[in-house]
Amino acid sequence: MSLPLGTKLKIRSMIYIAGEPIPYFWPMRSFIHHNPLHALEHLPFKDAVSEGERLFHGRGYLPRTTYQGYLEQGKVDHEHLRQDIKTFLSTRDNINDIDEERCLMNLLTKTTQPVIQDHSLASSADLKAAFNGQVPTTDTSINIEQIKESLRQKLQGDRPVYEAIDALYGTEIGKELDELVIKSCLDFFDEGQSVWGMPEREQGFFCAWREVASCNAKLFVRGKDINKILEANKSPEGIICRVMETLQIPEENWVAYFTSELTRLHGWAGFVRWRASAKHYYWNEKYPADLVDFAAVRLIFALALLKEQARKHIPSTASEISNLIENHAEETYLRYELNSGSVLPAFAVQVEQALAIGNKKRIINVFNKYVINKRAHEASQQAKRLRQLAIAADCKIEALKNMSEDNLAKLVNTFSDFEKQEGYTWLRAMESHAMSQLLKGVSLQPEPKREKRPFVQAMFCIDTRSERIRRHLESVGDYQTFGIAGFFGIPVSFMELGKGSQSHLCPVLLTPKNLVLEMSVAEQLDVNAATAMKKAVHELKESIFGPFVTVEAIGILFGFDMLGKTLMPQTYHHWRSQFKKKKPPTHMLLDKLDREQADSIVRAVQRAVIVQAVHQEFKLETEQVSDGMVRELREASLGKLNDTVVFKQTLKLSNQQAKDFVKRLQDVYRITPAFSRIQLEQLARIGFSLDEQVNFVSQALRSIGMTKEFSRFILLFGHGSTSDNNPYESALDCGACGGNHGLVNARALAQMANKAEVRYRLRKQGIDIAEDAWFIPALHNTTTDELKLYDLDRLPSSHIVYIDRLRNGLLSASRLCAQERLPSLQIQETPREPAAAYREIERNSMDWSQVRPEWGLSRNAYFIIGRRALTHELTLEGRAFLHSYDYRVDTKRRLLENILTGPLVVGQWINMEHYFSTVDNERFGSGSKVYHNVADRFGVMTGNLSDLRTGLPSQTVLNKGLPYHEPLRLITVMEAPFEHAKQAIEAVVTVKYLVYNAWIRLLIIDPEEQLVCSYENGEWIKRPLSSLQKPVSPEEANTL
Amino acid sequence: MQDMTLLLTALFLPLFPLSMVFNALFTRIQHVALRVILLATWPQIGLAILFTTDTAVPTWMLTWALITALLYAFRMLALRDVGQWTSFLATSWWAVLWLLATDHNQDTLQLYAIGLTIPFILLTLLSANLIKQFGAAYSGLHGGLAQSMPRFSGVLVVVILASIATPLFPNFFIMLKIILNTSSAMPIAILVLLVIWLLWSWAGVRLLQGLIVGTAKPGSEGEVSDIKTATSWLYALILITLVAGSVYFSGVFA
C-alpha cells in the first residue's frame, strides 16, 4: 500500500518539527561547541531551561549543596539572594504566621535536601494532623479519580507507549529498543572504522536497514517478526503512519510523541539531523539519511518489541494503557509505585507478591492498606522537613502547628514553587558577584602616550586561554597584544597538502567562498606509499581476522609501542618523531587566478589525463605520446575537431576505434566542455582578489583598533592543541576556525598584509602600515604554551637580528604561563620553576593516558569587548574572551556588529556548552572519558553501546567530582557609549534575543558618561561606574 | 520409620515443597537475631536427624534435592528482596548438601554446613542495616549504594561473592567437592549443578546491580550513613578467616 503524497509530506513535516529542539551533533573531527538548548533560545533562559529539563530529562542548574559551597567560598552575592527572595515573596499571598523570608533564606543556604517532596496523596489536613502528632484520619477515603488523573499524566500524552509499559511492568523495552537502534546506526553511519560495511548503503538508511532487518534471523527467532511490519508499507513515512495508527496514538499528539522518541537518543538524532542538513558532507552524499529514516527504524523496532510483550498479556497500545487506568486503577497504581521505585520500602514485597498472584481482591486489599500508609508517610515526612526548616530559621514550631489548613497549603505551595526556581536565583546571585568583582577592577583611564612604538605587536585569538599568555607576554618586555577572532576575519576553505578534502576554517555560522591550496616548495612526498601503509595497518587492526592471524608475527611491535608510550612518553615521542618524515615547507596559493591562468591549468590537467588514458588503454609510454596527438585528442573530445589523424596513424587504429576512444575520453575521463566549465568554476574559487585581500586586512586591523603605530614585528597567533589518544582534541582547538588549528588563517592574513599592493591600498584608506612592519604567522599551542613562529624564510634580512630577542621573549612568556597553569593540572598542587613547569606541561601533551591534557576553555565567564587597557590591570585567570575594540574608529558600528555576529555568538555557544556540561554532565555532557570508545570515527560512546555522547567530558569541567568550571552565563562587557552599543545590539537580531532573553548578561561600560548599563528584568539600568568600584585586594582578584 | 526420618530431614535440609516451611518462617521472622539463629541451626538439625539412621539416601531423593536446588536458584533471578534472596539461596545450597550425605560423616557435613551458612548470616546482618536505613532491603529501590555507602557496598559485594561460591571461599570448595563426588555416580548431575551455580551467580549480579550501581537516593530518614570503619574491618576479618579456613580445610578434606 502506498501513502498519498500529501500524507507523506505531512509526516515529513511532523518529524522535521519534532526534531527541531534537538541540537546538532557535528563530527568530532572538528568539534563545535554549541548550546545544547540552542533551539530554545527564542525563550527566556529560565523557561528554556525548564523546557530543556523536560525534553532531555536533564538538570538545568547545579545541586543546592554545590551552590552552598560557592556561598561559603564567597562566590555568591548574599544580598542578591535576599533581594530575589523578597521579589519572589512579593508576588505571593502573605502568610503572617511565619517569617517566610527567613525560612526561604535558610532553605537556600542551610538545608541540603529539598524541603517539599512530591506528594500525591497527602492533603493539607493530613499535614496538619502530622504536625500535631496525629495519624491522618482514615475516614477520608482516597479519591480514586485523583489517582487516575495522576496516572494519566504520568503514563499518557507524549510518553512513548513502551516507556509506560516499562514503568508499569518493569520490562526493559526502552533499553532494548535503544540498543537495537544504536546497533543499526553504527552499521549504517560507519565512516571507515569497520572493514566490512553494511550492504546497500547507497540507497539510504531506511532502505539499507530494511534489507538487513528483513533477513535478521536473531530478531525473527525471538518473535520480533519485523517482516510483518515492513510488509505494511515500502516508504518510511508509510511505516511511521502505520506504526502510530497501530499504537493508537491520537494524531494531535504525534509531533510531541516523535519528539519524545527522538530525544531518547538525542546524540544520534542530532547527528542524523546535522548530517541531513550538511549538503556538502561527503558521507551524506554517499550514504544519505534523515530523521524520517531514523524515526521509522525506531518505531518499527518499538512496535516489534511491544508485540513481543503483548504475547505475555501485557498492553501494547495507548488505548490498552488507557483502559488499564480506567478499569484497573488500583493495580495500575501499585504497578507504577513498584516499578518506578517510589513504593514504600516496607510494602515492596507485599505489593510485588499481590501483583504476581494477580488476585483482584488481594490487590485491592493491598492497595487500600498501601494508600493509607503512603498518605501518612508523606504527611509525616513533609511535617518533619518543615519542622526542621522552621527550627533552623528560628521560627516557632507552634506557628506551624496552629496554622490553618489553607495557610499550610499556601506555605507548601510557596516553598514548592521557590524550590522549583531556586537554581535560577543561585545563578543570578553568582553572576552578580562575578560582575561586581570584574567592575571593581576595570579601568577607563586612557592608555599612556608611548615614546616609541612597541617592540612587538601580537594578535591572539579571543579564546580565554590567550588571556594568560598575553598577560605574561606583556610582562616580559615591550609587547603590545590584541584580541581578535581566531580566524582573523578570513573565512577560508583550505585544502592541505596531500589531502583531497577541504576544511572550513571559520565559525560554523559562515560558509567560506574562497579556497586556499597549500603547495609544497620541496620534493613531493610519496603520498601513495604512505597511505597504502596506513591502510594496511588499519585493516590489520580493525578486521576480524587480521589480529587473529598476525598477532604472533607482529604483535610484539605494537607491544613496544605501548610500553614506550606508557613508561616514557616524552622520550619515546622524541625518539619516534625522528622516523616521521616532516612536512615539507609549503606556500599557500592565495591570489586569484586570472582567466588565462585558469584556462591554462584546465588544459594542463586535461592533457595529463589524456596521456594517462592512452597509457592505460593502449600501453603507450609517455615518450611515445606526442604533443600533437594529445592536442588532437583533447580537441576531438571537446568537440572542436572531427578527426584524430596522428592518433590513428601512431596506433594504427580504424576510424571506429579512434571514435570509440574519444567517446571514452568524454564519458569516463570527463573531457567535455561541460566538465571544463565546472573545473573553471572550481578554479575561480581559489584565492582572493586584491580587493578582497585589502578588505580582509583592513577589517581585521580596524576591528581591533590597530590603525597606526605599527611595530617592526606584528605576530599573528593562531592557536591549536596537541594531545595523544584524545578524541576530544579538536574541542581544544580554535572554535573560530571550525575546531581546527588557527595557523592557516594566520598565514593567510600575514601573506596578504605583507603584500606591497595591499599596503598601498590600505594607506589610501588611512591605515599606514610602516615600511619595516612585518607580519609573521605563529601558533600558540594551548596544551604546552609553546609560541612558535612560522614562514620565517620570508622574513626580510633587516629583521633577522631581532629574532633571538623575540624568541627569548616568547619562550619566557610560555614558561611563565606554564608555571601559572600547572598547579591546576596536577593532583598535588606543587609549585614549580617556570622551566620545569614548561617541561611537565609538554609531557602532558604526549602522554596517552592523560585524560586532561589541559583545561581548555573551562571556567570561561566573561567576554570583554574593548581596549586592552580596560582590563590590563586585572588577572583574569584565563576566564575571559578578550576582543580588542575601539569604538572611536567605528563610528558606523559596523565593526561592533561584526564582533557581535560572529565572535560573541561563538563565545556564547562555548559558554553554554560548558554551562550545561557542568550542571548535568551525564545528560548534557559526555560523562567520563575513561569509558569512551570511538564510534564510527565521528563520535564517542560510553562503553561499547550508548547514545553518541554530546557535550564535554567530565574531565574538562569537573575536578574530583565537583565543578571546576563555574557555570555562569556569559558576562559580556562592552566598552562603548550606551547608545552606540545599544544600537549595535538592536541591529544584530540573534544577539538582541540573546540579551533580551537573558542567555548572556550584558554590561555596557560607557566611557564618556562613566556609566555602567545592564539589562535586567526587561529594562536597562544605569549606574555610575564609580559607585561600583573600590580597590581590589589580591584575594578578591583571585576570586574572579 | 526410615522414610519418616528422611522426610523430616527434608524439612530441615529443605526439599521442595517442605522447604516452604523454612522460607515462610524466615520471611515471617523479622528480627535479625532470630533470623541468624534460624540460619545457623536449621541445616544442623537436618544433618543431625539424617545421621540418626544408617540408611543410604536413595537416588530419587538426590534427584529431588537437585530439582529443589535448581528451582530455588531459578526463582532467585526474579527476587528483589535481600532477605528472601538469602533464604532462597540458603535453601538451594542446603538441598545440594544431600549429594554429600552418602559419602561423608556427620562432623564433616556439619562443618560444611557451618562454612557455607556464614556468608548467609553476614548477608542477613547487612540486609538489617539496609532495612534500618531505607525501610527495606529491596533491590532497585535505593540504588547507588557505592556512592552513598562505599564501605558497606564493598562488604556487600564480597559477601555476595562468598555466597555464590566464588573461589577461595568455603562455598567454592564445597561446590567443588560436591561436583567431584557426584561425577562418578550421577554424571548428568554435574551439568545440573553447573547450571545451578550459574544461576546463583547470575542472581547475585542482578541483586548487586539493583543495589550498588546507579544514582544514590536519600534514605527514609534523610541522610544515609555508612557502616563504621571498625565494623567493615570486622566483616573483612571474618571473610579473611573464612578464606583461610576454607583453604586449610580443603587440604584436610582433600
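Listing for the model above:
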{"read-out": "Lys/Arg +1, Asp/Glu -1 at C-beta; chain A dipole; positive extreme among A:397, A:606, A:34", "value": "A:606"}
{"read-out": "Sequence-distant aspartates and glutamates (8 or more away, or on other chains) whose Cα lies within less than 17 Å of residue A:75", "value": "A:84, A:422, A:431, A:877, A:966, A:1035, A:1036"}
{"read-out": "Top positive-direction residue, dipole computed over the protein assembly as shown with Cβ charges, set A:131, A:433, A:209", "value": "A:209"}
{"read-out": "Cut-off under 5 Å, modelled amide H: who pairs with residue A:959 long-range", "value": "A:964"}
{"read-out": "Förster radius 45 Å - calculated FRET efficiency between residue A:251 and residue A:280, Cβ distance, rounded to 0.05", "value": "0.80"}
{"read-out": "Dipole magnitude (debye, nearest 20) for chain A, charges at Cβ of Lys, Arg, Asp, Glu", "value": "1420 debye"}
{"read-out": "Size of electric dipole in region A:192-237: Cβ of Lys, Arg +1 and of Asp, Glu -1, about Cα centre, debye, nearest 20", "value": "240 debye"}
{"read-out": "Computed E for residue B:217/residue B:78 - FRET, C-beta separation, R0 30 angstrom, nearest 0.05", "value": "0.85"}
{"read-out": "Within straight-line cross-link reach of residue A:148, aspartates and glutamates at Cα separation under 15 Å, skipping those fewer than 8 residues along the same chain", "value": "A:320, A:326, A:330, A:331, A:337"}
{"read-out": "Exposure proxy ranking, count of Cβ atoms within 10 Å, fewest first, for A:367, B:249", "value": "B:249, A:367"}
{"read-out": "Angle in degrees between helix A:236-246 and the longest Cα principal axis of chain A, rounded to the nearest 10", "value": "10 degrees"}
{"read-out": "Rounded tilt (10° steps) of B:170-185 against the dominant C-alpha axis of chain B", "value": "30 degrees"}
{"read-out": "Rounded to 5, the percent of DSSP beta bridges in the protein assembly as shown classed as antiparallel", "value": "45 percent"}
{"read-out": "Inter-centroid distance (Cα atoms) of region A:266-341 relative to region B:174-251, Å", "value": "38 Å"}
{"read-out": "Cα convex hull of region A:301-370 - mean projected area over all directions, nm²", "value": "5.1 nm²"}
{"read-out": "Pairwise FRET efficiency - residue A:368 versus residue B:147, Cβ, R0 = 30 Å, nearest 0.05", "value": "0.25"}
{"read-out": "Hits among aspartates and glutamates - C-alpha to C-alpha of residue A:175 under 13 Å, sequence gap 8 or more where chains match", "value": "A:163, A:166, A:261, A:947"}
{"read-out": "Gyration tensor (alpha-carbon) shape descriptor, region B:141-208, a/c threshold 1.5", "value": "oblate"}
{"read-out": "Antiparallel bridge percentage (DSSP; both residues within region A:921-1040; nearest 5)", "value": "75 percent"}
{"read-out": "For region B:2-252, convex hull volume per residue from C-alpha positions, Å³", "value": "110 Å³"}
{"read-out": "22 Å Cα-Cα threshold exceeded, pairs from A:286/A:659; A:183/B:217; A:499/A:580; A:396/A:420; A:128/A:410", "value": "A:286/A:659; A:183/B:217; A:396/A:420"}
{"read-out": "Cβ neighbours within 10 Å from other chains - mean over A:335-345", "value": "3"}
{"read-out": "Residue-span extension gain [residue B:5 to residue B:234] - 0.36 nm each, minus C-alpha spacing", "value": "78.5 nm"}
{"read-out": "Choice from B:228, B:177, B:217 showing the highest fluctuation, given a GNM over chain B with Cα pairs closer than 10 Å", "value": "B:228"}
{"read-out": "Between 0 and 90°, nearest 10: helix B:59-76 axis offset from chain B longest Cα axis", "value": "10 degrees"}
{"read-out": "Computed label-point distance, nm, for sites residue A:608 and residue A:627 using a 7 Å Cα→Cβ extension", "value": "1.8 nm"}
{"read-out": "Length added when fully stretched, residue A:795-residue A:989, from 0.36 nm per residue minus Cα-Cα", "value": "65.5 nm"}
{"read-out": "Chain lengthening between residue A:556 and residue A:509 when straightened (0.36 nm per residue, less Cα-Cα)", "value": "12.2 nm"}
{"read-out": "For region B:101-125 versus region A:541-618, the gap between their alpha-carbon centres in whole angstrom", "value": "68 Å"}
{"read-out": "Which of A:800, A:776, B:121, A:372 has the fewest Cβ neighbours within 10 Å, and the rest in rising order", "value": "A:800, A:372, B:121, A:776"}
{"read-out": "Residues with amide H under 5 Å from that of residue A:783, placed H, sequence gap 5 or more", "value": "A:722"}
{"read-out": "Debye log10 I(q)/I(0) at q = 0.08, 0.09 Å⁻¹ for the protein assembly as shown, Cα point scatterers", "value": "-1.15, -1.35"}
{"read-out": "Most positive-pole-ward Cα, B:215, B:160, B:236, against dipole of chain B from beta carbon charges", "value": "B:215"}
{"read-out": "Peptide B:137-150 - average C-beta neighbours from other chains (10 Å radius)", "value": "2"}
{"read-out": "Amide H within-cut-off set for residue A:719, under 5 Å, with H built and near neighbours excluded", "value": "A:742, A:743, A:780"}
{"read-out": "Residues B:91, A:481 arranged by fewest to most Cβ contacts within 10 Å", "value": "A:481, B:91"}
{"read-out": "Pairwise centroid distance, computed over Cα atoms, of region A:899-962 with region A:841-872, Å", "value": "16 Å"}
{"read-out": "Length-normalised contact order for chain A - Cα pairs under 8 Å, 6+ apart - percent", "value": "16 percent"}
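Here, each number is a calculation from the coordinates, and none is a lab measurement. Quantities reported herein were computed from a predicted structural model and do not represent experimental measurements. Neighbour counts run over all protein chains shown; Cβ positions are idealised from the backbone, glycine included.
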